[in-house]
Amino acid sequence: MTEAERDPILRRALDELRKLPPPDIGAMRRVVAAAAAARVTPFDGEPGVVSPRRGRSIRVWMAVGMAAASAFVGFALRGAWTATTSSAARTVVMVTDSTRSPLRPVVATETDAAPISHQFVFNSRSAHTISVVGDFNRWNPAKAAMVRSSDGELWSVTIPIAPGRHTYAFMIDDSLFTLDPTAPKARDPDLGADGSIVIVGRP
Amino acid sequence: MSSFPLQHPAQSASLDSRTISRAKLGDIDAFTAIVEAYHARCVRFARAMLRNPDDAEDMVQETFVRLYRALPRYEERQRFESWLFQILGNCCRTANTAFQRHASRTTQDDEAVERVPSLDDPTAQFDHEWSEAVKRALAEVPEYNREIFLLHYIEGFSYEEVERMTGVKQSALKMRVKRASDQLRSRLTEETR
């Protein structure tokens, strides 16, 4: 018998805490609608996405957004987004604008929100297929299949991605989820695991 | 280790692996079934973590949105509800941090007063007072102990599962649960004197 079972006060408290709230059909409908809206969103974090979230959520997003922006500025100032070109895999930003202020929001205008071509490269001689999967293509391996180079080792694909910070990985042979060995890593709160990070565009 | 009767309400919700597989493919009906099966448990957990019911509802919604977006990557060898509560725990911790920094909680008590039911019945009043006492006592338990306590004793996850979910070793988990239990008991003993 555990200590909790022996203690009547604690047992009563647990009974109280285990009471489930009554089903809230309206809240469940809002949840489903918000999820469906999020899944059809072209790009994560794109402004102007309408969801049935209640007004109070704005405060949450402002706080989370401020934290994310702070982290991003610190990350960018350290130059950590610069791709390494001498390693097995690398990512290359194809279009940039060096005249922008380093402290401008990532997505501030319609022009800033326009997708930017981004090349992903991965080295593997043994793989049969490789795809890039990320939040920008809803983690769908069919959306960004990489093409093997003539030497049989280098795989690459160039795809348009909305400016901002994105999480991605390589899917090898439709089964092996592999991080980019040369990119920064960050914990993906959805999966509870690490993902590779790419920052597209300039802050 | 624990022989305390753990509750697994979701296991009785007849959510089979086919439903999850369909939801992975984007089937909104299957996802709706998932929401129906787990929403109440998620709300219960979020309210205990966040105290404010509106904040809790926001975080539950945020959790299901994240879950739906990440479903294509879900690997079925992982227990589904462990994954769900892992996301929910992340959301609640992030929200607590953000609210502590930015939000004024001055309206919370006023809102709570409005929700108090009619207490003409002495039994109902007693139950309500006990419920409030438990909430107050739980709120005083540090967040890092409270989350583990809730996952183990209220949501019914074993220590092995909580270790996989949080990355915290079982010996440390047991200590946290014990500390939370001791604090809860001590506080409630004072209340009932």
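Take the conditions (1) under 24 Å from B:Arg66 (Cα atoms); (2) more than 12 Å from chain B (Cβ to nearest Cβ); A:Gly152 misses just one of them, which is (1).
Give me the residue from region B:169-193 that is within 18 Å of the chain's Cα centre (by Cα) and away from chain A (no Cβ under 13 Å) and, out of that set, nearest to B:Glu81 (Cα to Cα). In this case the residue turns out to be B:Leu173. Please work out which residue is farthest from B:Leu25 (Cα to Cα), limiting yourself to region A:135-155 and to residues that are buried (at least 18 other Cβ atoms within 10 Å of the Cβ) and modelled with pLDDT of 85 or more. Across region A:135-155, the extreme among qualifying residues is A:Trp155.
Assess whether A:Ile197 counts as being touching a His at 6+ places or on another chain (Cβ under 8 Å), at pLDDT 90 or above and closer than 30 Å to B:Met59 by Cβ.
When the stated conditions are applied, A:Ile197 passes them.
Looking at region B:163-193, which of its residues are of a type outside the set (Ser, Thr, Tyr) and farther than 22 Å from B:Arg51 by Cα? Selection gives B:Glu163, B:Arg164, B:Met165, B:Gly167, B:Val168, B:Lys169, B:Gln170, B:Ala172, B:Leu173, B:Lys174, B:Met175, B:Arg193.
Of all residue pairs spaced 6 or more apart or on separate chains, those with beta-carbon atoms under 8 Å, a first member in region B:172-185 that is surrounded by 16 or more Cβ atoms within 10 Å (Cβ to Cβ) and a second member that is among the basic types (Lys, Arg) and assigned to a helix (DSSP H, G or I) are B:Ala180/B:Arg146. Suppose the filter is of a type outside the set (A, V, I, L, M, F, W, C) and surrounded by 20 or more Cβ atoms within 10 Å (Cβ to Cβ); does A:Arg165 pass it? Considered against the rule, which asks whether it is of a type outside the set (A, V, I, L, M, F, W, C) and surrounded by 20 or more Cβ atoms within 10 Å (Cβ to Cβ), A:Arg165 comes out as yes.
Give the residue, chosen from A:Ser98, A:Ser126, that is assigned to a loop (DSSP other than H, G, I, E, B), in the same structural domain as A:Pro160 (by TED's automatic domain parsing) and modelled with pLDDT of 55 or more. Step through it out loud before you land on a result.
Details: A:Ser98 fails: modelled with pLDDT of 55 or more.
Answer to the check: A:Ser126.
The residue that is nearest to B:Gln183 (Cα to Cα), among those in region B:119-149 that are surrounded by fewer than 17 Cβ atoms within 10 Å (Cβ to Cβ) and small (Gly, Ala, Ser), is B:Ala139. With respect to the stated conditions, A:Pro163 fails to be out of contact with any Asp or Glu (no Cβ under 7 Å at 6 or more places or on another chain), over 16 Å from B:Arg69 (Cβ atoms) and not small (Gly, Ala, Ser).
Return the only residue of B:Leu71, B:Leu84 being assigned to a helix (DSSP H, G or I), over 18 Å from A:Leu17 (Cα atoms) and more than 10 Å from every other protein chain (Cβ to nearest Cβ).
On the way: B:Leu71 fails: more than 10 Å from every other protein chain (Cβ to nearest Cβ).
Every option except B:Leu84 fails the conditions.
For beta carbons closer than 8 Å, sequence separation of 6+ or different chains, a first residue in region A:5-17 that is more than 7 Å from chain B (Cβ to nearest Cβ) and a second that is surrounded by 14 or more Cβ atoms within 10 Å (Cβ to Cβ) and of a type in the set (Gly, Ala, Ser), the qualifying pairs are A:Arg11/A:Ala4.
The values are calculated or read from the model by the stated rules, or taken from the named source; none is laboratory data. Given the structure is predicted, the values throughout are model-derived calculations rather than measurements. Heads up, the Cβs are rebuilt from the backbone with ideal geometry, glycines too, and the neighbour counts pull from every protein chain shown.
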